């Protein structure tokens, strides 16, 4: 099977779980749901935080920029190298996001947690902190269906695959599709 065929097959198996775990949606329905979440946060003027490690960190940084510039949303980067190394040194790497969220996140803000495994300690701690701060959590995960981030999130996008490249590519495509859809709707006057 070609790479693109495999990628397409996996995209068709992506599932989005809404604010109640019994609300499972297909890719297309899940994308509409996700776009509406971002539009809600845009209307309210709340802050959106994107986090991840490794390739997921690159996606998080990219989306922080795209949702700010192209989507016109309030985003905040948690990737200042001085801050991350300070917090990692003083508290441990598992706290590099949660300590920042303790200081920056307000009630009603949105955390977008991107993690292929869904089990990274710093992602899990960040989700815990976001929920304590009464923020909303959307996770993008893959690998095992019973991963921690998926079970803790208000909304979960799950890619049923154990290949990093495939999972990360789909996470990136879905987030890019969300911001591009928002741009298209605003350009056409739809909201």
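All of the numbers you see were taken from the coordinates with simple rules; none came from a lab. Source: prediction; values computed, not measured. With ideal geometry, Cβ positions are generated from the backbone for all residues, glycine too; neighbour counts draw on all protein chains shown.
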**OP:** Would you mind getting me the FRET efficiency between residue 132 and residue 32? Use the beta-carbon distance for r and R0 = 25 Å, nearest 0.05.
**Re:** 0.25
Subject >> Calculated on alpha-carbon atoms, Rg and Dmax of the stretch 79-191 in Å >> reply: 15.4, 49
**OP:** Return the Rg/Rh value of the stretch 132-191, two decimal places, where both radii are evaluated on C-alpha atoms and Rh is the Kirkwood radius.
**Re:** 1.09
Subject >> Dimensionless Rg ratio for the chain, taking C-alpha atoms and the 2.2 N^0.38 Å reference >> reply: 0.97
Subject >> Relative contact order computed over the chain (Cα-Cα under 8 Å; 6+ residues apart), in percent >> reply: 23 percent
Subject >> Nitroxide proxy distance, nm - points 7 Å out along Cα→Cβ at residue 69 and residue 24 >> reply: 3.9 nm
**OP:** Determine, for 79, 3, the number of other Cβ atoms within 10 Å of each Cβ, and report the residues in order from fewest to most.
**Re:** 3, 79
Original post:
Say R0 is 41 Å: what FRET efficiency, to the nearest 0.05, do residue 76 and residue 9 get from their beta-carbon distance?
Top reply: 0.70
**OP:** Just report the Cα centroid separation between the stretch 89-124 and the stretch 26-82, whole Å.
**Re:** 14 Å
**OP:** Run the quick spin-label model on residue 57 and residue 164: label points 7 Å from Cα toward the beta carbon, then report their separation in nm to one decimal.
**Re:** 1.2 nm
**OP:** Please give the residues of the stretch 37-58, grouped as numeric ranges, whose backbone N is less than 12 Å from a label point set 7 Å along the Cα-to-Cβ vector of residue 93.
**Re:** 53-54
Subject >> 222 nm mean residue ellipticity, helices alone, for the chain (DSSP H n ≥ 4; -39,500 (n - 2.57); rounded to 500) >> reply: -17500 deg cm²/dmol
